[in-house]
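Data block below; observations after.
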Ligand SMILES: Nc1ncnc2c1ncn2[C@@H]1O[C@H](COP(=O)(O)OP(=O)(O)OP(=O)(O)O)[C@@H](O)[C@H]1O
Ligand SMILES: [Mg+2]
């Protein structure tokens, strides 16, 4: 069963400041995502990874192509569905964690994370307890749980952001470099949490730039190159190919 069928997805940006020049962010990208899989998106900086996730979450309106999402209420084209339908899907089925917490509500970290659960009908005390567990797993100091994230460091915000996105266990979870600002120990805790907290009921499409992380979490890997799809491979193939490339002393994925 596929949960997403992305067909000829295209995103162009009109650059008004540079005389109307057009920048192509995604150039006819097509691939399917299987229900329950963990799909990693990799590629060089500027290859279109964030643009792809933003089109899936419709923070960007695609310039062309289609994104068939198999929602619990039937198929929806995320590239062209109405705004109201998209907002309902974000509430009920599709989660997204950008690199940092973008809009910072004036509520304590614990309630930022608990809110999506409360909106799903979970009792408030129970929702806050789940939120506390998630933030603790992510090594966020207990004294920050009741503080406002507006004053947090980048890495602290990133943990709140990740906890908020995974808390409701959405059917489709979009993660854009969700551990980029974390120290190695916290990064490992975050990756473990994805493994232990999420189940097969959550399909993940995530951008990761560390090959070890890709190897640990992903079932398949989508490689983007200069706005185009280069290939989709099993993680075993991807790691074997990467391992055979001698000129890579570190484990950064720059496909
Ligand atoms: N809002 C925007 N306006 C104009 N150009 C954009 C916009 N968003 C992305 N682009 C352009 O689209 C291309 C792809 O950008 P994108 O952010 O998707 O890359 P990326 O693969 O996520 O890179 P990184 O690894 O650095 O995060 C780049 O050339 C970028 O400059
Ligand atoms: Mg990006």
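The values are calculated or read from the model by the stated rules, or taken from the named source; none is laboratory data. Note that the coordinates shown come from a computational prediction; the quantities given were computed from them, not determined experimentally. Every residue, glycine among them, receives a Cβ derived from its backbone with ideal geometry; neighbour counts consider all protein chains shown.
Within the stretch 55-71, take every residue that is within 16 Å of ligand 2 (Cβ to nearest atom) and either over 18 Å from the mean Cα position of the chain (by Cα) or touching a residue at least 40 places away in the same chain (Cβ under 8 Å) (or both) and give me the one that is nearest to residue 14 (Cα to Cα).
60
So which residues in the stretch 42-56 are on the phi < 0 side of the Ramachandran plot and surrounded by fewer than 20 Cβ atoms within 10 Å (Cβ to Cβ)?
Scanning the stretch 42-56 gives 44, 45, 50.
Say whether the condition of being within 16 Å of ligand 1 (Cβ to nearest atom) and either more than 21 Å from residue 54 (Cα to Cα) or buried (at least 21 other Cβ atoms within 10 Å of the Cβ) (or both) is met by at least one residue in the stretch 191-202.
No, because not a single residue in the stretch 191-202 is within 16 Å of ligand 1 (Cβ to nearest atom) and either more than 21 Å from residue 54 (Cα to Cα) or buried (at least 21 other Cβ atoms within 10 Å of the Cβ) (or both).
Restricting the stretch 79-106 to residues that are in a loop (DSSP other than H, G, I, E, B) and without any contact (Cβ under 8 Å) to a residue 60 or more places away in the chain, which is nearest to ligand 1 (Cβ to nearest atom)?
102
Would you check if residue 208 is buried (at least 16 other Cβ atoms within 10 Å of the Cβ), touching a residue at least 12 places away in the same chain (Cβ under 8 Å) and over 21 Å from residue 94 (Cβ atoms)?
no
Across the stretch 128-160, what is the total count of residues that are assigned to a helix (DSSP H, G or I), touching a residue at least 24 places away in the same chain (Cβ under 8 Å) and closer than 11 Å to residue 110 by Cα?
Residues that pass the stated criteria total 7.
If you take the residues in the stretch 161-182 that are within 16 Å of ligand 2 (Cβ to nearest atom) and in a loop (DSSP other than H, G, I, E, B), which one is nearest to residue 53 (Cα to Cα)?
Residue satisfying both the conditions and the ranking: 177.
If you go through the stretch 113-120 one residue at a time, do you hit one that is closer than 21 Å to residue 33 by Cα, at pLDDT 95 or above and part of a helix (DSSP H, G or I)?
No.
Exactly one of (1) under 28 Å from residue 205 (Cβ atoms); (2) at pLDDT below 95; (3) out of contact with any strand residue (DSSP E or B) (no Cβ under 6 Å at 6 or more places or on another chain) is unmet by residue 98. Its number?
That leaves (3) as the condition not met.
Determine, yes or no, whether residue 74 is surrounded by fewer than 21 Cβ atoms within 10 Å (Cβ to Cβ), away from ligand 2 (no atom under 16 Å from the Cβ) and touching a residue at least 60 places away in the same chain (Cβ under 8 Å).
It is false that residue 74 is surrounded by fewer than 21 Cβ atoms within 10 Å (Cβ to Cβ), away from ligand 2 (no atom under 16 Å from the Cβ) and touching a residue at least 60 places away in the same chain (Cβ under 8 Å).
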